[in-house]
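Q: Can you read through this structure? Questions will come right after.
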Amino acid sequence: AQSVTQLGSHVSVSEGALVLLRCNYSSSVPPYLFWYVQYPNQGLQLLLKYTSAATLVKGINGFEAEFKKSETSFHLTKPSAHMSDAAEYFCAVSANFGNEKLTFGTGTRLTIIP
Amino acid sequence: EPEVTQTPSHQVTQMGQEVILRCVPISNHLYFYWYRQILGQKVEFLVSFYNNEISEKSEIFDDQFSVERPDGSNFTLKIRSTKLEDSAMYFCASRALRASEQFFGPGTRLTVL
């Protein structure tokens, strides 16, 4: 069984400040981990993924995440927030075999303060 | 760039009616999925489909739900007799063979009155 916990349903940061969105996972098998972003009234867009290669993963729009097995974490960061980053962010986990259904966290709504 | 498309974008129906939600996955993808997101809640897995059969389904996916790939391009989700609690955003996703990431469509918002 797999699960994801996202700490903080709402996060607000000032424009230009560091963005840190937290994700902890639980998985009985080696996981694949993903961050998706959802802009208002849109679908889910893949930001980045971890698939057991490099533990530091770089994604689109300047985001990156680090897989830490010892902490069962996959936190999302961006050095400098931009107004366009305002959206809902979902962390998701899947098994690294089989049909790989995604199990999502509850999401974090990111607000950027001008 | 290839993308997953879904129609309609918004469907309003009366309780007890049948609805069919349509998806066109990315053309060379072989794995297909339906997820739903009730307003304000997390995205939940419904069903996965591969090689013309269901490979896994969640407890949400009961006898009222069915999926079909009627031709080489469409992937449909049918709800036979809709309930109020079926109101949600329904997302279709697809994945290529030996790939890890799923690509999502823009969703269909289903409103059951």
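Q: Which whole-number value in Å² is the accessible area per residue of the protein assembly as shown, probe 1.4 Å?
A: Numbers: 11040 Å² over 227 residues.
Per-residue value: 49 Å².
Q: Compute, for B:S27, the solvent-accessible surface of its heavy atoms (probe 1.4 Å) with the complete set of protein chains present, and express it in square angstrom to the nearest 10.
A: Estimated to the nearest 10 Å², B:S27 gives 110 Å².
Q: Cross-link candidates for B:K57: which lysines have Cα within less than 18 Å, leaving aside residues fewer than 8 places away along the same chain?
A: Answer for B:K57, where 18 Å is the Cα cut-off: A:K101, B:K42, B:K78, listed by chain and number.
Q: What figure in square angstrom, to the nearest 10, would you give for the accessible area of A:L7 with a 1.4 Å probe?
A: Probe radius 1.4 Å; accessible area of A:L7 about 100 Å².
Q: Right, next: Give or take rounding to whole Å, what are the principal axis extents of the alpha carbon atoms in the range A:1-82, in descending order?
A: 38, 26, 21
Q: While we're here: With a cap of 16 neighbouring Cβ atoms within 10 Å, and only residues DSSP puts in a loop, list the chymotrypsin sites (Phe, Trp or Tyr not before Pro) found in the range A:7-114. Each step should come with its number before you reach the end.
A: On the way: sites: A:Y25, A:Y32, A:F34, A:W35, A:Y36, A:Y50, A:F63, A:F67, A:F74, A:Y89, A:F90, A:F97, A:F104; in loops: A:F63, A:F97.
When the chymotrypsin sites (Phe, Trp or Tyr not before Pro) of the range A:7-114 are filtered for loop state and at most 16 Cβ neighbours within 10 Å, A:F97 remain.
Q: Excluding the sites themselves, what is the longest stretch of chain B that contains no trypsin sites (Lys or Arg not before Pro) in a DSSP loop with at most 11 other C-beta atoms within 10 Å? Before the final figure, lay out each step's value.
A: On the way: sites that count: B:K83, B:R98.
Result, exposed sites excluded: B:1-82.
Q: What does a probe at B:R98 reach in the range B:20-47, counting residues whose amide N is under 16 Å from the point 7 Å along Cα→Cβ?
A: B:28-31
Q: Based only on Cα atoms, what mean projected area does the convex hull of chain B have, in nm²?
A: Working: hull surface 27.6 nm².
The Cα convex hull of chain B, projected and averaged over all directions, gives 6.9 nm².
Q: Here's a follow-up. Between A:V29 and A:N61, what length in nm is gained on full extension when 0.36 nm per residue of separation is reduced by their alpha carbon distance?
A: Numbers: separation 32, 0.36 × 32 = 11.52 nm, distance 2.99 nm.
The span from A:V29 to A:N61 would gain 8.5 nm if fully extended.
Q: Counting only protein heavy atoms, what percent of the accessible surface of the protein assembly as shown is carbon or sulfur at a 1.4 Å probe? Intermediate values should be presented prior to the final figure.
A: Numbers: 5480 of 11040 Å².
Roughly 50 percent of what the probe reaches on the protein assembly as shown is carbon or sulfur.
Q: Quote the total accessible area buried by chains B and A together, excluding ligands, DNA and RNA, probe 1.4 Å, nearest 100 Å². Write down the numbers at each step before the final one.
A: On the way: alone 6530 and 6100 Å², together 11040 Å².
Summing both chains' loss of accessible area gives about 1600 Å².
Q: Using a cut-off of 19 Å between alpha-carbon atoms, which lysines can reach A:K68, once sequence neighbours fewer than 8 places away in the same chain are excluded?
A: List returned: A:K49, A:K58, A:K78.
Q: When the chain is fully extended, how far beyond the present Cα-Cα distance does B:K83 get from B:D71, taking 0.36 nm per residue of separation? Before the final figure, lay out each step's value.
A: Numbers: separation 12, 0.36 × 12 = 4.32 nm, distance 2.82 nm.
Contour length minus the Cα-Cα distance gives 1.5 nm.
The values are calculated or read from the model by the stated rules, or taken from the named source; none is laboratory data. Small disclaimer: the values here were computed from a predicted structure and weren't measured. Quick reminder, even Gly has a Cβ in these numbers, built from the backbone with ideal geometry, and neighbours come from all protein chains shown. Only protein heavy atoms, including side chains, enter the accessible area calculation; ligands, DNA and RNA are left aside. Shrake-Rupley method; radii C 1.70, N 1.55, O 1.52, S 1.80 Å.
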